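Notes follow once the structure below has been shown.
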Amino acid sequence: MVEVRDEGQGVKLFRVQRTDRRAFEEFTAGAHVDVTGPTGVTRQYSLCGPPKDRTRMTFAVKREASSRGGSVALHDRVVAGDELTLSAPRNLFPLQLRAAHHVLVGAGIGITPLLSMAHELHRLGRAFALHYFVRDASTAAFLPQLRAAPFAAAVTVHDGLARAAQGEVLEGVLGRLGEDEHVYTCGPGGFMDRVVEIGARTLPADNLHREHFTARDVSGLASDAFEVELDTGEVFEVPADRSIVEVLAAHGIDVDTSCREGICGTCVLPVLSGVPDHRDHCLTAREKAANDQMATCVSRSRSARLVLELE
Ligand code: FES
């Protein structure tokens, strides 16, 4: 059962309670859920409420002009009292609580996972700063809540900055961080690239964390054909325009999937030999470098054959 509220700048806030009124399972800051809207399209949205509040799940949806049925349907067809289908929360963007200080850097709707992180860091009494880049502070989503939040003193709003000025601010924020500080960023891809690139000048890669708010366009991921061998010895050709998951399904072999966009990690299988061409957003840089697992819904192969273990 859902409550819907306008949150400014083409953003709607959805607060969902279970229809049986029971508590949701606990989630951790940075988690997201799969939301299936009225058209049957499933999309991932970050949870933005306090993680300890198990009575409801809160997520925000920006109306995307390029929506393929996800955000527009949620905006136009869902009203208060409707029912939505939500998955259990999953977290691919967790806080690293061993850090001495946390720097949260968001732009636009990318503020959402950072909100739940800020609530949690404040609850735990941990040191953090939240930098929120907006186009126009007079209409930006969540600004009234941030100004009224108990952690408002940790929030800095950067209003309407041009790209060059944005870079200068990011250099000021990220340029002098120490090895016990971690940075988390969410927003448009180019913005996160910039945060990571500037942060990487002083911090190791493991201290930089980015959310993948929008799935890549999977249709653009085709490449050369390759072979997949299963631990059973069966071998299948994966053509340039089909995924491993699709090829296996066509032969009656079902791999569990959810997003099919390389975000959720459900379809990850162990790689016994061969070199994957990682195209997902769910494995960490270190996991990708190890080449011993891969997201079979989007990733492909750099070797002529991959050997996979079916779990
Ligand atoms: S099904 Fe979600 S990463 Fe593959």
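The figures follow:
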read-out: Residue with peak Gaussian network fluctuation, the chain [Cα springs, cutoff 10 Å], from D136, D280, D76; value: D76
read-out: Mean ellipticity per residue at 222 nm, deg cm²/dmol - from DSSP H runs of n ≥ 4 across the chain, formula -39500 (n - 2.57); value: -5500 deg cm²/dmol
read-out: Modelled label reach - A290, point 7 Å along Cα→Cβ, the range 262-283 residues with backbone N closer than 13 Å; value: 269-272, 283
read-out: Spherically averaged projected area in nm², based on the convex hull that wraps the Cα atoms of the chain; value: 16.9
read-out: Percent of beta bridges antiparallel (DSSP, the range 218-308, rounded to nearest 5); value: 75
read-out: Whole-number percent relative contact order across the range 218-308, with pairs defined as alpha carbons under 8 Å at least 6 apart; value: 33
read-out: Whole-number percent relative contact order across the range 2-86, with pairs defined as alpha carbons under 8 Å at least 6 apart; value: 36
read-out: Test item: Cα-centred dipole of the chain, Lys/Arg +1 and Asp/Glu -1 on Cβ, debye; value: 1220
read-out: Length added when fully stretched, S258-A304, from 0.36 nm per residue minus Cα-Cα; value: 13.8 nm
read-out: Label-to-label distance, nm, for residues given as D241 and T139 (7 Å Cα→Cβ offset); value: 4.1
read-out: FRET E, pair E227, T202, Förster distance 30 Å, beta-carbon r, rounded to 0.05; value: 0.10
read-out: Net length gained if the chain between T85 and D193 were fully extended (0.36 nm per residue, minus Cα distance); value: 35.7 nm
read-out: Packing-based exposure ordering (other Cβ within 10 Å, fewest first) of I109, I198; value: I198, I109
read-out: Extension gain, T156 back to A23 (0.36 nm per residue minus Cα-Cα distance, nm); value: 44.5 nm
read-out: HN-Hα J in Hz across the range 189-197 - Karplus 6.51, -1.76, 1.60, θ = phi - 60°, x for Gly and Pro; value: x, x, 5, 5, 4, 5, 4, 5, 5
read-out: Phi-based couplings in Hz for the range 149-158 (Karplus 6.51, -1.76, 1.60; Gly and Pro marked x); value: 5, x, 9, 3, 5, 8, 9, 10, 9, 10
read-out: F226 long-range amide H proximity, modeled H, under 5 Å; value: V238
read-out: Residues whose placed amide H lies under 5 Å from that of L308, excluding near-sequence neighbours; value: E229, L230, D231, L272
read-out: Whole-number percent relative contact order across the chain, with pairs defined as alpha carbons under 8 Å at least 6 apart; value: 13
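Since every read-out is calculated from the coordinates, none of them should be taken as a lab result. Worth saying up front: this structure is predicted, and the values here are computed from it rather than measured. Here Cβ is always computed from backbone atoms with ideal geometry, including for glycine, and neighbour counts include all displayed protein chains.
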